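Structure record follows, encoded as structure tokens.
Nothing in this text is a laboratory measurement; each read-out follows from the coordinates by a stated rule. What you see is a predicted model, and the numbers here were worked out from it, not measured in a lab. Neighbour counts run over all protein chains shown; Cβ positions are idealised from the backbone, glycine included.
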Amino acid sequence: MASPLLQVLLDGLLAGGTYALMAAGMALILGVVKVINLSHGAFFTLGAYVAYALAARGVESPIAAAPLAAVIAFAFGVFLGKSFVNPVRSHPFALTVGTLAFALLFEQAAQMVWGPHPLSIDAGAPWIGPGGLVVRRWGVIAFFSSAALLGGLKWLLSARPGLSLRLIAEDEEIAGSLGMDVETIRYLTFGGACAMAAAAGALLSPSGAVTPTMGRAPLLLSLVVVIVAGMDSVAAIFLLSIGLGILGNACAWFLSPQWSYVALLAAVCLLLSARPAGIVALAGRRD
Amino acid sequence: MRNAAPFRAPKVSLRGGTPPARSTWRGGWLAAGIGLLLFFPLSSPDAFFLDVFTTGFLLAAFAASWDVVGGVSGQTTLGHALPFGTAAYACALLTSFAGWPLPLAVGAAVLLAAAVGAGIGTLSAPLAGPFVALLTLALGEIAHEVAVGHTFFSGPGGYAWGGEGGIPVALPWRDASPFSSYYAALGFLCLASFGMLRFLRSEAGLILRAVAGSPITAQASGVPIARFKRLAFAVGSAFAGAAGAGFALHVGRATATDLSLELSFQAATFAAVGGRGTIVGPVVAALVLHLLFQGLSLPPSVRVLLYALTLLLVLRFFPGGVVGTARDLASRLGGKEGGRSRRIRGRYRNGEGAP
């Protein structure tokens, strides 16, 4: 048994790095679609359940589950983006309550299909590192796949196809007048970001219990990340997610697991009280 | 601003735009509905249906109280279960743990709910649009987590109180007859709706509508908007607390579901379906949807699923609100007077998007 502090640091680092994938998706939606997506946690849950369903059929590999979950979530995300978010975009009430409705819809559907009790995925035996430090195999794989995907995103945003995304985030009217199909890019981005959340859910599924409401804590973590780190820098999102992952893990270890959720909720309250303007990109919106 | 003259709202009649004939027509329908509800228990229905109706009345009052905050005042709250559950828990703790007499405990619970509402209003007043929803959602979830995870008292006989099982309310009566519960809840709903409508037709209500329409315009005409937002939260929460205390008395127990996100969400659903900002609309929507889904005795998860589906469809096809769309439609069919209301409606809608 290693010192708990070291163990907490390691587990928090691995989990936080994977949460960053989800937070980056949230930031992408905020930047391009300019919407707070309260259903982002539901896509995380979707990914975890896809991984569970595959594991129950003998494919115990989050690496296989992540692409499948991403494809399914992309389909759902495109549907949600094209047929709900895009048409009601200028109505803040409908957007906020509607995305929450979708999240609750999914939670209840998951509860009906898989039941309310926590499920778990066999992650295989962990490695025992120096000093008795427990290194979860899937945690390491999830961390590096997430980092690789985020690196890919960073490259994509700086390359030619990312230019239209950045231009729409900057000024959608100019983007439209340059002949870009803003509506299509919006719902494709929404779908892609949902796929990122689902991939994060699939990658993280072996590290905890799979329950219908498991997506709520990562949703709040993503919100805290985008409020603090903004949407410009992928690196800032990555580092902040790791910090929050370590913090959440410390809360779960030293207090009890539910306190890490309460700590995130409290962080959202404190941040909003300290920064009433909230997320800068949304506050500056005029429509 | 401190030494400026105290703010006085101009005396304006809200009823100015409505022709009297239409409002009596509406009043007639309301009277017919209340008459039917008064008559219903006499037709010797099943006790199960009486219970469904009783819960429906309390939920309807809760939905109307959401509308005071979220509809009329435009402060989209997703944590309205917080004052509801606070009052329910206060009722349970004060009667069972502190041994207070019931009326005193209910009064204290309602006051506590109003104070909680004022607190939420103070925190959320500087925030705009979706951030009010985020903050209230987070506050409600914190309260829910604390209620679920904390078996904070152990009652007499060594039972652990709190957690999933909740806390019992010490009731002075043994078994309330379903009839008396039904009529008490119906009476409460009528009184509460009347109170809320009166409040919204008062000066303060008029100002709240102005704040919801365009905060900047309201501020420019000298309205202290933070204070009025706080007032909206306090009044709405007091009514929500009254409904919560009533619910705790009806069920005989305060449980963590009284604080859940699902309950807050239900209130928003009723309001969005019935028409935000009308008070009567959410009451009718709550009664119809609750009776429909509960009367069919669907399991709770199917019910929440159907609520979410209904809400998504309503929001998708009436994103600006059911009432606004209906009014637009009426004005397209109607004459001059309707054209004017459409123009006002359009301006209101523009104000909604501004921070």
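What the table below lists for this structure:
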item	result
Fluctuation leader among A:T184, A:T18, A:T213 - chain A, Gaussian network, Cα springs under 10 angstrom	A:T184
Shielding of B:305-312 by partner chains, average beta-carbon count, 10 Å	6
Cα shape, the range B:189-296, gyration tensor, a/c 1.5 rule	prolate
Where N is the number of residues in the range A:1-100, Cα Rg divided by 2.2 N^0.38 Å	1.33
Using alpha carbons only: equivalent-ellipsoid semi-axes of the range A:144-287, gyration tensor based, whole Å	30, 19, 13
Cα pair count fraction exceeding 29 Å, expressed as % - the range B:44-315	29 percent
Ranked packing of B:133-140, A:109-116, most packed first, by mean Cβ within 10 Å	B:133-140, A:109-116
Eligible aspartates and glutamates near B:K229 by straight Cα distance, threshold 15 Å, same-chain separation 8 or greater	B:D67, B:E203
Whole-percent pair-distance distribution, where bins are 5 Å wide, for the alpha carbons of the range B:84-136	5, 21, 22, 16, 12, 10, 9, 5, 1
Whichever aspartates and glutamates have a C-alpha closer than 18 Å to that of A:K82, once near sequence neighbours (fewer than 8 apart) are set aside	A:E172, A:D181, A:E183
Per-residue average of Cβ from other chains inside 10 Å of B:314-322	5
Equivalent ellipsoid dimensions for the range B:251-328 as semi-axes, Å, which come from the Cα gyration tensor, largest first	24, 13, 12
Dipole magnitude of the range B:44-315, debye to nearest 20 (Cβ charges: Lys/Arg +1, Asp/Glu -1, about Cα centre)	660 debye
Shielding of A:77-84 by partner chains, average beta-carbon count, 10 Å	1
P(r) histogram, all alpha-carbon pairs of the range B:52-145 included - 5 Å bins from 0, percent	3, 13, 20, 23, 19, 13, 7, 3, 0
Top of A:A15, A:A159, A:A193 by mean-square fluctuation, Gaussian network on chain A, Cα under 10 Å	A:A159
Size of the range A:4-283 as Cα extents on the principal axes (Å, biggest first)	60, 40, 35
Chain A: relative contact order in percent, alpha carbon pairs under 8 Å with at least 6 residues between	40 percent
Radius ratio Rg over Rh of the protein assembly as shown, counting only Cα atoms, Kirkwood formula for Rh	0.98
Nearest-ten-degree value, helix A:4-28 long axis tilted from longest Cα axis of chain A	20 degrees
